[in-house]
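Colleague: Mind looking over this structure? Questions follow.
The values are calculated or read from the model by the stated rules, or taken from the named source; none is laboratory data. Because the structure is predicted, anything quoted here is derived from the model rather than measured. In this analysis, Cβ positions are derived from the backbone assuming ideal geometry, glycine residues included, and neighbour counts consider all displayed protein chains.
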Amino acid sequence: MGAYVNPIYPYKSPADLMSTPPLRKPLIVIGAGPVGLAAAIDARLQGLDVLVLDDDKTVSVGSRAVCYAKRSLEILDRLGIAEQACNMGVSWNIGRTFLEEDEVYQFNLVPDAGHKRPGMINLQQYHVEEMLIARALELGADIRWQHKVTAVTRHDDHASLTVETPDGTFAIEADWLVVADGARSPIRRHLGLDIEGRVFQDRFLIADVIMKADYPAERWFWFDPPFHPNQSVLLHKQSNNVWRIDFQLGWDADPEEEKKPEKVIPRLQAMLGDDRPFELEWVSIYTFQCRRMTDFRHGRVLFVGDAAHQVSPFGARGANSGFQDADDLMWKLGLVIKGQASEKLLDTYAHDRQFAADENIMNSTRSTDFITPKSRTSKTFRNQVLALAKHYPFARKLVNSGRLSMPSFLTESVLNTPDTDAFEGQMVPGAPMDDAPVQVNGQDAWLLDQVGKGFQVLLFVDAVPSPEVLAQIASCGSAPLRANAQPVQATPLIVATTPLNIPDVKVIVDSQGLVAKRYDARPGTTYLLRPDQHVVARWRTLDTHAVQAALARATGLNIGSHIGQA
Amino acid sequence: MKTDMHTALKTDPNFHEPGRRFFRDFSPGDEFYEHLIEAHNGLSDEQSEALNARLILLLANHIGDLKVLREALGKARAST
């Protein structure tokens, strides 16, 4: 056992970035946290030049965001570090909620088999950041440490930045600026942009404890446990014998006093109930807010992650929603930078992710109100839900110790083409795609690993399609959507009930029938998929014109000016 | 935990709204609970108690079936 030692990343002189007039970069990302790094990796995967500026020289201090949800792992699969993260992290699906000493509620994040990734892994943020940095560098991202952006000026077609380094201050410009500088977001403040919401009057103590323990890999949450009466406690297992323990303290607690080891250690001893040895790796007292910026897009400046929105930690909706921001933004930005879509497409980033942020804030606010009731009546209701939960299923469903991060169904997105055919199930236009086991070239594989590289047309078949159908599917993305631009391609992907040999088209075999089941598909069913693994349109039969129209819509071709500042 | 199969009172999750689709099973219940707590916002303890009484009376009349109501009263009294 031993505490984590933060790596120091080398500082590089900005001599090559300094010039008069200032250099103009196509894309600059401010902040090398998980979300900024994800954006940078995605940019490199699309072949975009990206410069990342960070005022620090290391990864996160303390474990911070420890829970990475299934959807984040699917995004990290696309970015290329999920396997590594899952190997190092602690996978879990089960959460247990206790009242005093009794279990009153249990949830399973992925109750159905047949998904590549678990509901959640726990892994310290510093490990995730190290993996993301290595991946970004491997892909050729230019990351500059100890480069603090002190000023940003917005222009119609670019942003200009002032950057402070140990070698002095310099100016640089970006066609597009992605701001991922965290909850306090100095850039958001500097630009005087609004962020509004609710402050919660409660304090929590986080302790990262290094110890040997054989508790299962599950999330355990206590209301009013004997070892910490009248408050809540949360336990998570992390990698390398590190355990996250979170104690609710109440608003009157003195943060400086509560951080002292002589206060923390007795709390832990009371909880652990024995004299096992442990070591404190990191202790922090936190309060939180649930709030978001009114608009995530300000012309050429795009806000992602905590800089744009913050939630309470119950539900792990912070870093997880940040990854989804980057995932939504980067394919849109890629099309815009390559001239294949109008910059209005970026308004749909703001629109879709503001919708998702509202859902995250709603869920985390509901959890917080349950965990920390604000009045006697509220507390009575909470305690009586817990009392009824011992006996009745409906009350167990109401027990809210955190609704863990799951992706939003972007049902309101203007990029969707509404259904004209009847479908069962959840894979509606705007749905984040459900995974399923498949076979590719006789090998076991996963559906989500076959998608997520540009737009794709998924056609379900039970026999080799006719040459006419194959010609149709091949032409879905061949029409240029904008003058003088490369056409946006929608790559065909055939899902077959049995192995088929079809030249020039990738075929995946629905070996267990779960793709058809989860997507309510029959032979002929056609899905159009976004590059971020969301359904955007679907039909019962393949119609090239319908697919082309949906593709045009999904790339923002039909957007009027009305959704701009939603 | 056992579920009573032969009773009239529904004790399985039952929050829903016609015409609305919920993608997560906890969402309709959480929405009700939010409305419930919100209804008490800013009230004194006495006012809240009175609101709860009015709410029970309204819902009891809506349910109407005395068999269901007797069962609910019995279960509420017993579940402490």
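Colleague: Return the only residue of A:Gln354, A:Gln340 being away from chain B (no Cβ under 14 Å), over 28 Å from B:Glu46 (Cα atoms), assigned to a loop (DSSP other than H, G, I, E, B) and not β-branched (Val, Ile, Thr).
Modeller: A:Gln340
Colleague: If I go through the stretch A:276-322 residue by residue, how many of them are in a loop (DSSP other than H, G, I, E, B) and either of a type in the set (S, T, N, Q) or without any contact (Cβ under 8 Å) to a residue 40 or more places away in the chain (or both)?
Modeller: Summing the residues that are in a loop (DSSP other than H, G, I, E, B) and either of a type in the set (S, T, N, Q) or without any contact (Cβ under 8 Å) to a residue 40 or more places away in the chain (or both) in the stretch A:276-322 gives 3.
Colleague: Answer yes if at least one residue in the stretch A:150-165 is in contact with a helix residue (DSSP H, G or I) (Cβ under 7 Å, 6 or more places away or on another chain), in contact (Cβ under 8 Å) with a residue 40 or more places away in the chain and surrounded by fewer than 19 Cβ atoms within 10 Å (Cβ to Cβ), and no otherwise.
Modeller: no
Colleague: Report, by residue number, each residue of the stretch A:111-130 that is of a type in the set (A, V, I, L, M) and surrounded by 22 or more Cβ atoms within 10 Å (Cβ to Cβ).
Modeller: If the condition is that a residue be of a type in the set (A, V, I, L, M) and surrounded by 22 or more Cβ atoms within 10 Å (Cβ to Cβ), then A:Met120, A:Ile121, A:Leu123, A:Val128 are the ones that fit.
Colleague: Being within 8 Å of chain B (Cβ to nearest Cβ), more than 30 Å from A:Gln248 (Cβ to Cβ) and out of contact with any Leu (no Cβ under 9 Å at 6 or more places or on another chain): is that true of A:Phe423 here?
Modeller: Spelling it out, it is not the case that A:Phe423 is within 8 Å of chain B (Cβ to nearest Cβ), more than 30 Å from A:Gln248 (Cβ to Cβ) and out of contact with any Leu (no Cβ under 9 Å at 6 or more places or on another chain).
Colleague: Ok, one more. Out of all the residues in the stretch A:261-273, is one or more within 21 Å of A:Thr365 (Cα to Cα) and touching a strand residue (DSSP E or B) at 6+ places or on another chain (Cβ under 6 Å)?
Modeller: no
Colleague: Identify the single condition in (1) surrounded by fewer than 22 Cβ atoms within 10 Å (Cβ to Cβ); (2) under 16 Å from A:Val505 (Cβ atoms); (3) touching a helix residue (DSSP H, G or I) at 6+ places or on another chain (Cβ under 8 Å) that A:Pro467 does not satisfy, given that it satisfies every other one.
Modeller: Going through (1) surrounded by fewer than 22 Cβ atoms within 10 Å (Cβ to Cβ); (2) under 16 Å from A:Val505 (Cβ atoms); (3) touching a helix residue (DSSP H, G or I) at 6+ places or on another chain (Cβ under 8 Å) one by one, A:Pro467 breaks only (3).
Colleague: While we're looking at this one, here's another question. Please go through the stretch B:52-80 and give me each residue that is assigned to a helix (DSSP H, G or I), free of Cβ contacts under 8 Å to residues at least 40 places away in the same chain and more than 14 Å from chain A (Cβ to nearest Cβ), ordered by number.
Modeller: B:Leu57, B:Leu58, B:Leu59, B:Ala60, B:Asn61, B:His62, B:Ile63, B:Leu66, B:Leu69, B:Arg70
Colleague: From the list A:Arg267, A:Arg276, which residue is buried (at least 18 other Cβ atoms within 10 Å of the Cβ) and out of contact with any helix residue (DSSP H, G or I) (no Cβ under 8 Å at 6 or more places or on another chain)?
Modeller: Only one candidate qualifies: A:Arg267.
Colleague: Let me spell it out: the conditions are (1) at the interface with chain B (Cβ under 9 Å from one of its Cβ atoms); (2) in contact (Cβ under 8 Å) with a residue 24 or more places away in the chain, and A:Phe409 meets all of them except one. Which number is the exception?
Modeller: Status for A:Phe409: all satisfied but (2).
Colleague: Would the stretch A:460-469 turn up any residue that is under 30 Å from A:Gln310 (Cα atoms) and in contact with a Ser or Thr (Cβ under 8 Å, 6 or more places away or on another chain)?
Modeller: There is no residue in the stretch A:460-469 that is under 30 Å from A:Gln310 (Cα atoms) and in contact with a Ser or Thr (Cβ under 8 Å, 6 or more places away or on another chain).
Colleague: I've got another one for you. How many residues does the stretch B:29-49 hold that are within 7 Å of another protein chain (Cβ to nearest Cβ), surrounded by 13 or more Cβ atoms within 10 Å (Cβ to Cβ) and in a helix (DSSP H, G or I)?
Modeller: Going through the stretch B:29-49 one residue at a time, the tally reaches 7.
Quick grid of which residues meet (1) surrounded by fewer than 22 Cβ atoms within 10 Å (Cβ to Cβ); (2) closer than 16 Å to A:Ala40 by Cα:
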site	(1), (2)
A:Tyr286	yes, no
A:Asp295	yes, no
A:His298	yes, no
A:Asp306	no, no
A:His309	no, no
A:Ala319	no, yes
A:Asp325	no, yes
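Colleague: Here is a check on your reading of the model: is A:Asp510 at pLDDT 95 or above and crowded, with 19+ Cβ neighbours inside 10 Å?
Modeller: Answer is yes for this residue.
Colleague: Of all residues being hydroxyl-bearing (Ser, Thr, Tyr) and buried (at least 22 other Cβ atoms within 10 Å of the Cβ) in the stretch A:368-391, which is nearest to the other protein chains (Cβ to nearest Cβ)? Just the residue, please.
Modeller: Filtering first and then ranking leaves A:Thr377.
Colleague: Then there's this: I'm told A:Asp444 meets every condition in (1) within 11 Å of another protein chain (Cβ to nearest Cβ); (2) surrounded by fewer than 17 Cβ atoms within 10 Å (Cβ to Cβ); (3) within 28 Å of A:Phe323 (Cβ to Cβ) except one. Can you identify the failing condition by its number?
Modeller: Single failed check for A:Asp444: (1).
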